[in-house]
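Participant: Below is the structure I would like to discuss, written out as structure tokens.
The values are calculated or read from the model by the stated rules, or taken from the named source; none is laboratory data. Since we're looking at a predicted model, the values are computed, not measured. A quick note on method: Cβ atoms are made from the backbone with ideal geometry, for glycine too, and the neighbour counts reach across all protein chains shown. Areas reflect the complete protein model, heavy atoms only, side chains present, ligands, DNA and RNA absent. Shrake-Rupley method; radii C 1.70, N 1.55, O 1.52, S 1.80 Å.
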Amino acid sequence: TAALLGESTSFTNGNADFNTYGNAGRREAVKKGTAYMSVWMYVIRELEDAIDDCQVECEFDNCNEDAVHAWDEGVAFYAGAEEGSDGSGSGALLYSLADKRCANFKTCGPEGDSVSGTSNINIKIFSEFAAGQMNLNLGNCDAARVNKDRISELMGVPLVQGVLRYAHKIDSLADNSEKSKAEGAVFAAAILPRLHACSPGAAATVYENMKVGATSTSLSAVKSAFEKNLVCMGIAGDDVGGVYDIDAGAFFLGAAPMNENKTSGGVNILGIVLGSVLGGVALIAMFGFVYMMKREKSGNPMFKNPDEVIA
């Protein structure tokens, strides 16, 4: 209510003084805060409720109907009523946000490398939604929680993109409008708890640069704070992308995609691949050594002295 009344918040961390804003800034804070903070949390609440209702290894039909219903409500709050059955509508909630940001960061489409089409994040999230629903129907409650956790990680991507977009507008494009500053402050407030859980120092950096009433904003400082903590947050740099200049066909200077190994749920994919390859090589070498020893003991070694070879 502080934004509505033009007052200060009284949080333990991350306070905002809306006395510094006029109607334009307060209006954006209320609109974006409702959609990207309150509704965002309610989606997670419904998914958690579904898991709480889940019964393991159901022995009769529809015993997890309440759990699936709660899960479906979470999906409904994520998408909103205006997207239509295929997501082609023009909504105002989280599905729409992901589609808007993918056009700004060149992360649309099945491969996440386009500036048009469905957000790659929405594609991934709805894959998790479908898997979670199936797991609830089957009574695989632990697996459904894995789906929920991954959805939560992916839902953070458009929030990070929102912070970077407005940090770029304010810093690089000198957009000092109250509207842009308010939108940037809301995106930061929405993702700061996740970042704080990984690094209080990084969260403080983003807060000081993006808060309501910030005296200055540094895109490089904000980007670096996120970049160092993406793996901890379960977010891939490829999922975030970079602030893209469609007219120039290139990323804006200082706003290119983040430099970190592609991750999935906080796991280093490069490390897994290298570990698997090296493990496979070691396994082959071990079997080869054992085979050679058996040949040696049987009196038929693999490598013979040339002088001992019978013509």
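Participant: Where does the charge balance sit around Lys179 when Lys and Arg score +1, Asp and Glu -1, over other residues with C-beta under 15 Å from its C-beta?
Facilitator: After counting each charged neighbour, the total is +3.
Participant: Whenever you get a sec, line up Met37, Met210 from highest to lowest accessible area (probe 1.4 Å, protein heavy atoms).
Facilitator: Result of the area sort, largest leading: Met37, Met210.
Participant: Using alpha carbons only, what's the Rg to Rh ratio of segment 35-92 with Rh from Kirkwood? Before the final figure, lay out each step's value.
Facilitator: Details: Rg = 13.6 Å, Rh = 12.4 Å.
With Rh from the inverse mean 1/r over Cα pairs, Rg/Rh is 1.09.
Participant: Return the distance in nm (one decimal) between the two label points of a simple spin-label model at Asn176 and Val115, each offset 7 Å from Cα along Cα→Cβ.
Facilitator: Placing both labels 7 Å along Cα→Cβ, they lie 2.9 nm apart.
Participant: Whole angstrom only: what separates the Cα centroid of segment 28-54 from the Cα centroid of segment 68-128?
Facilitator: Each part reduced to its Cα centre gives a spacing of 15 Å.
Participant: Between Glu7 and Ser127, what length comes free when the chain is fully extended (0.36 nm per residue of separation minus the Cα-Cα distance, one decimal in nm)?
Facilitator: 39.1 nm
Participant: Also: For Asp142 and Val39, what is the calculated FRET efficiency with R₀ set at 22 Å and r taken between the beta-carbons, to the nearest 0.05?
Facilitator: Numbers: r = 27 Å, r/R0 = 1.22.
Efficiency, rounded to the nearest 0.05: 0.25.
Participant: Something else: Just add up the charged neighbours of Phe105: K/R +1, D/E -1, any other residue whose Cβ is under 15 Å from the Cβ of Phe105.
Facilitator: 0
Participant: Under the classification rounded if a/c is under 1.5, otherwise prolate if a/b is larger than b/c and oblate if not, where does segment 150-191 fall, given a ≥ b ≥ c as square roots of the Cα gyration tensor eigenvalues? Intermediate results must be reported in sequence, preceding the final value.
Facilitator: Numbers: a/c = 4.42, a/b = 2.26, b/c = 1.95.
Here segment 150-191 falls in the prolate category.
Participant: Counting Lys +1, Arg +1, Asp -1, Glu -1, what net charge surrounds Ser216 among other residues with beta carbon under 10 Å of its beta carbon?
Facilitator: It works out to a net charge of -2.
Participant: How large is Rg/Rh for segment 38-141, to two decimals, with Cα atoms and a Kirkwood Rh?
Facilitator: Checking Rg against Rh, the ratio lands at 1.05.
Participant: Using amide H atoms built in the peptide plane, which far-off residues or other-chain residues are under 5 Å from Ser119 H to H?
Facilitator: So Ser119 has HN proximity to Asp99, Gly109.
Participant: Quick check: residue separation of Asp149 and Ala24 times 0.36 nm, minus the Cα distance between them. What number comes out in nm? Before the final figure, lay out the partial values.
Facilitator: Numbers: separation 125, 0.36 × 125 = 45.00 nm, distance 3.54 nm.
Roughly 41.5 nm would be gained on extension.
Participant: Which of the pairs Lys106/Lys148; Lys32/Lys211; Lys31/Lys181 have their Cα atoms more than 23 Å apart in this structure?
Facilitator: Lys106/Lys148
Participant: Where Rh denotes the Kirkwood radius from the mean inverse Cα pair distance, what is Rg over Rh for segment 103-180?
Facilitator: Value, to two decimals: 1.16.
Participant: So which chymotrypsin sites (Phe, Trp or Tyr not before Pro) in segment 145-235 end up in coil per DSSP with only 14 or fewer other C-beta atoms within 10 Å?
Facilitator: Nothing satisfies the criteria.
Participant: May I ask you to list the chymotrypsin sites (Phe, Trp or Tyr not before Pro) in segment 2-32 that are in a DSSP loop and have at most 16 other Cβ atoms within 10 Å of their Cβ?
Facilitator: Sites meeting the loop and neighbour criteria: Phe11.
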